[in-house]
Every structure is written in structure tokens, then in C-alpha cells.
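A quick write-up on the structure given underneath.
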Amino acid sequence: MRKKILAGNWKMNLLHSEAEHLVNELNQKENLKKTSIEVILFPSSVYLQTVKEIANFSVGIQNISNKSLGAYTGEVAAEQANSMGAKYVLVGHSERREYFNEGDELLKEKVDAALRNELKVVFCCGEPLEIRQNGDPIKFVSKQIENSLFHLEAVAFDNIIIAYEPIWAIGTGLTASSTQAEEIHAAIRQLFSEKFGENVANAISILYGGSCNEKNAEELFACPNVDGGLIGGAALKSESFDRIAYYL
Ligand code: PEP
């Protein structure tokens, strides 16, 4: 059985007191307590310690450097994230690819840095609108995965989760239909099967992200190859995040 995962990406939102308040509310929510799912919170890195101390959930960091400890002002090393108790790291989020010019090669180095330092990777991939409308989304997403992950040994995938997040659906209110999501999720699993075999393909969790909320989660999570969600906006509201968990 693949693990069901619900991850909340808080992005660069919330002041410290608001983050504390949100965690305290989330701790009380019934669906988030289900033992059948793993809940992961990705707060701003400056709140890692607070969230780690008070949350009843796993905690991850939204970004790490590709470099090891050293003279890189403003960066956070995987070693440091690990030493703060982060268990996961987001790599390849479309906002980092787009606004910070993070390309496949850099992301590959970040994946390696994470795995060297016992951080599990939530690797994000997804196509822009032009590719959805006029191109080949499966080919586009496959290349992102191949370029940043296919240098790894099969055993590394015990520590990797994929998040398929079509860029046109992130923060826009547009969501991939369950048919569109399932098509890409199944293709990603097939890609893993061809390269690393059935065992790796069947074990890897593939999350959907992109305006997932309490209204569309039921249909998306019913897809056989959707193993959970990476949630942005709706993760900032405890009620919505908990309702989404209900459907997992
Ligand atoms: C995200 O940032 O990963 C995300 C899916 O955002 P939203 O749910 O707001 O579209």
C-alpha cells in the first residue's frame, strides 16, 4: 500500500503569531489525526523551530541550497534544515523554477544535497498552460523528472515523493480535472516502471497540487494513481485543510 500524504505549502505567508495559531488549530482537527495519512507542513523556514515544536505533524522546508555548509550568504543548507528537525524538502516547485530560475541541473543538485542529509524530497513537476494547450504535457513532465531524478539508484526513491502540479492550476482557482490528473499520474508511474521496475513504480507516492480544495479533493483523490495532495491556498485555512484530509 502506498502512503497517503497531505502536504501544506504555506509559501511566504503568515506572520509568526499567525503560524502558531494555525498550527494550534490544525492540531485539534479530527481528519488530520487519521493514522492512515501523513500530514506534512511546509512553513517559512524561519518558523521551522516553532512549527516543529508545536505541530503534531511532520515538518518540511520549502527550499534548500544546492551547496553544503559554507560562505553562501542568505542560503539554508540541507545540513541545517536537517539539524532543525525538518524531515522533508520541496524541490522544483514551479514558483522556484519560474521566479528564481531554478533549472533541472540545479534541482538535481538540490535533490542530491537533500538525500545526502537525510531529508526526504517532495519533487514538484508540472507543465505550463502553453504546453497543456498546444504541446505534450506527459513529455514535458517526464523530461523534468528524468533530468533531475533519473541519475539516482532505485533505492533512493524510498525517500522521494512526486507532486504533479500543473502550473496553470497553481493559485489560479483552475484545477486539473480528475481525468487530466489521472492521465499524468499514471504516465509518471509508467515512466518509473520502465526505468526502475514495478516495485519502485508501485511504491512511489504521487501527489496532485494546483487549487486543490475541499470541493474538488474527493474526485481527485478517488483516482487510483493520486496518492494525496500538495495544497497551497487551502492549507492556510484549518477548516479547509481538514476537510481535504477527510477525502484521503
Ligand atoms: C502549491 O503551491 O503547491 C499549490 C498547489 O498552491 P495552490 O493550492 O494554492 O494552487
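The values are calculated or read from the model by the stated rules, or taken from the named source; none is laboratory data. Since the structure is predicted, the reported quantities are computational estimates derived from the model, not experimental observations. Using ideal geometry, Cβ is built from the backbone for each residue, glycine included, and neighbour counts are taken over all protein chains shown. Note: areas computed on protein heavy atoms with side chains; ligands, DNA, RNA excluded. Shrake-Rupley method; radii C 1.70, N 1.55, O 1.52, S 1.80 Å.
Being more than 16 Å from GLY126 (Cα to Cα) and open to solvent by 10 Å² or more (accessible area, probe 1.4 Å) is the filter here, so list the residues in region 191-210 that pass it.
If the condition is that a residue be more than 16 Å from GLY126 (Cα to Cα) and open to solvent by 10 Å² or more (accessible area, probe 1.4 Å), then SER193, GLU194, LYS195, PHE196, GLY197, GLU198, ASN199, VAL200, ASN202, ALA203 are the ones that fit.
Is it the case that region 205-222 has a residue that's polar (S, T, N, Q) and more than 11 Å from the ligand (Cβ to nearest atom)?
Yes: one or more hits.
What are the pairs, 6+ residues apart or on separate chains, where a residue within region 208-234 that is under 14 Å from HIS93 (Cβ atoms) has its Cβ under 7 Å from a residue that is among the acidic types (Asp, Glu) and buried (at least 20 other Cβ atoms within 10 Å of the Cβ)?
Listed pairs, sorted by first residue: GLY209/GLU165; GLY210/GLU165; LEU230/GLU165.
Tally the residues that are of a type in the set (Val, Ile, Thr) and assigned to a helix (DSSP H, G or I), restricting the search to region 12-48.
Final tally of qualifying residues: 2.
Kindly check whether there is at least one residue in region 232-244 that is open to solvent by 10 Å² or more (accessible area, probe 1.4 Å), in a helix (DSSP H, G or I) and of a type in the set (Val, Ile, Thr).
No, because not a single residue in region 232-244 is open to solvent by 10 Å² or more (accessible area, probe 1.4 Å), in a helix (DSSP H, G or I) and of a type in the set (Val, Ile, Thr).
Give region 150-167 a look and list any residue that's open to solvent by 30 Å² or more (accessible area, probe 1.4 Å) and either within 13 Å of the ligand (Cβ to nearest atom) or without any contact (Cβ under 8 Å) to a residue 40 or more places away in the chain (or both), or say none.
GLU153, VAL155, ILE167 - these are the residues of region 150-167 that are open to solvent by 30 Å² or more (accessible area, probe 1.4 Å) and either within 13 Å of the ligand (Cβ to nearest atom) or without any contact (Cβ under 8 Å) to a residue 40 or more places away in the chain (or both).
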